[in-house]
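K.L.:
Mind having a look at this structure? Questions to follow.
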Amino acid sequence: MSERTKIAILGSTGSVGVQALDLIAQFPNRFEVVALAAGSRLDLLGEQVRRFRPHLAALAREEKLSALQAICEPLGIAAVVGEEGLVQAATHPEADRVLSAIVGAAGLQPTLAAIRGRKIVALANKETLVMAGQLMLSEAQRSNALLLPVDSEHSALHQCLRGERREEVNRLILTASGGPFRLASREEMEAAGPQEALKHPTWDMGPKISIDSATLMNKGLEIIEAHWLFGIESSRIQVLLHPQSLVHSMVEMRDGSVICQMGTTDMRGPILYSLTYPDRWESPLPRLDLAAAPPLEFSEPDALRFPCLGLALGALEAGGTATAALNAANEVAVAAFLAGRVRFLDIPRTIEKVLEKHAPIPADSLAVVLQADQESRRWAEEILMKGVAA
C-alpha cells in the first residue's frame, strides 16, 4: 500500500470542508487528515477532531481556546486559535496538500502561508485570487507551489486544458445556472428577501456563495479567478447561463473546436479531482446519465438585471487593488442582506459606490491588499448606514 496523502483542511466546518471530509472518510487507506481549521463552529469541529484525529486543530475565534483545548488535549491533539492558528494549520509540516475552503477574505493569509510553504493548494476560496491574484501567483512561482482549483467551473477548465497549449486557446466559457432569479423581473428581484435568494436551483452551497450565485457576482469573481489561474485576459472569458448545470465550463480553441467538461451537480467531484491530481481515482460519486439528462440550454446573461457581472469586469480592468475593494464591498453587502438590513439589489448598488470611491494602486504586497480590503469594508458599512440611495 502506497503512503497516504496527508491533508490539511482550512474551513473544515463549511460546505466544501464537510464534503471533503465525507470523501476522505471513504478512502481511509489513501488519505490522512493532519490539520483541521474552522471559523467559529466549535461543536462541529469537535466532532471532526474526534472522528479524524488530526495532529492539530485550529479555530479562528480566540476566546474559544480553552473549550477547544478541552476537546483536543485528552486526545493528544494540539489546539491553536486566531489567525496565527489558521496559519499553523496551513503550514503544518506533515501536510502534502492544503484544501483552502475558508469563505471570504479570512482565507487570504493562511492560503498565502500555504503557498509560501510550498504546499499543493486546492483552492476553494476564490476570494484569495480575487483580492490578491498578482501576489498569489508570484509567490506560487517563487516557491514552486501548485494551485489546483476546486470551484466546479475552474476545475472543469483545468480538466479541459490538460495537455493543451495555452497559445492555442481562443476563449474560456464559464457556465452559470442563473440562480433563483434567472427568469425573474427586476421588480421581483428588488422585492426578494434572503429566503428567496438562497433557493439555488441546482447546487447545495453555503449562504454567502448562494447569494453570490443569485446576483451573478460569483461569475464575476470567477472571471477574475480564471484570469489569474489560466493567464487569459478578461476579453477572452465569457459567461453563459446554463440552467441544467451539467456542462461546468468550456474551452474554445483557435480552430473553433469547443472542449467541455460535464458531470453531476455534486461538488465532491471537483473536490476529489483536486485531492488526487494528477491521478484520477475510482469515484464513489453518482455517474452522469446522459440519456436521462434534460435538453441543454445556453443563453447570455442580462447585464441590466445582473449588474454585478459588469462591476467585476470593471474592477479587473481597473487592476491593482480594485478587485480587493470589489470583494470587500460584496462581502459586507451580502452580510447586510442576509441580516435583513438591505434589499437584494442594494448589493450591487453598494459595490458600485465603493468602487467609485476607491483609487486602485498596485496589489503587490499583503499589506496593500489588506489596507484596501479594510478601507472598502468601512466605506461599505458607511454607505449602508446612510442608506444606499443617499
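K.L.:
Restricting to segment 220-229, give me the number of residues that are among the hydrophobic types (A, V, I, L, M, F, W, C), in contact with a strand residue (DSSP E or B) (Cβ under 8 Å, 6 or more places away or on another chain) and either crowded, with 24+ Cβ neighbours inside 10 Å or closer than 13 Å to Glu252 by Cβ (or both).
P.N.:
2
K.L.:
It is to be established whether one or more residues within segment 332-351 are under 22 Å from Ser210 (Cα atoms), at pLDDT 95 or above, within 22 Å of the chain's Cα centre (by Cα) and not hydrophobic (A, V, I, L, M, F, W, C).
P.N.:
Scanning segment 332-351, I find at least one residue that is under 22 Å from Ser210 (Cα atoms), at pLDDT 95 or above, within 22 Å of the chain's Cα centre (by Cα) and not hydrophobic (A, V, I, L, M, F, W, C), so the answer is yes.
K.L.:
A further question follows. Touching a Ser or Thr at 6+ places or on another chain (Cβ under 8 Å) and either on the phi > 0 side of the Ramachandran plot or aliphatic (A, V, I, L, M) (or both) - does that describe any residue in segment 181-196?
P.N.:
No.
K.L.:
Count, please, the residues in segment 303-313 that happen to be surrounded by 14 or more Cβ atoms within 10 Å (Cβ to Cβ) and modelled with pLDDT under 95.
P.N.:
Here the count works out to 1.
K.L.:
Could you list, in sequence order, all residues of segment 363-380 that are at pLDDT 95 or above and surrounded by fewer than 17 Cβ atoms within 10 Å (Cβ to Cβ)?
P.N.:
Result: Gln371, Gln374, Arg378.
K.L.:
Hey, could you check segment 261-295 for residues that are of a type in the set (Gly, Ala, Ser) and within 15 Å of Leu148 (Cβ to Cβ) and say which is surrounded by the most Cβ atoms within 10 Å (Cβ to Cβ)?
P.N.:
Ser274
K.L.:
Still on this model: Consider Val49 carefully, then state whether it is surrounded by 22 or more Cβ atoms within 10 Å (Cβ to Cβ) and at pLDDT below 95.
P.N.:
Here the answer is no, as Val49 does not meet what is asked.
The values are calculated or read from the model by the stated rules, or taken from the named source; none is laboratory data. All figures in this text were calculated on a predicted structure; none of them were measured in a lab. Every residue, glycine as well, gets a Cβ built from its backbone with ideal geometry; the counts of neighbours run over all protein chains shown.
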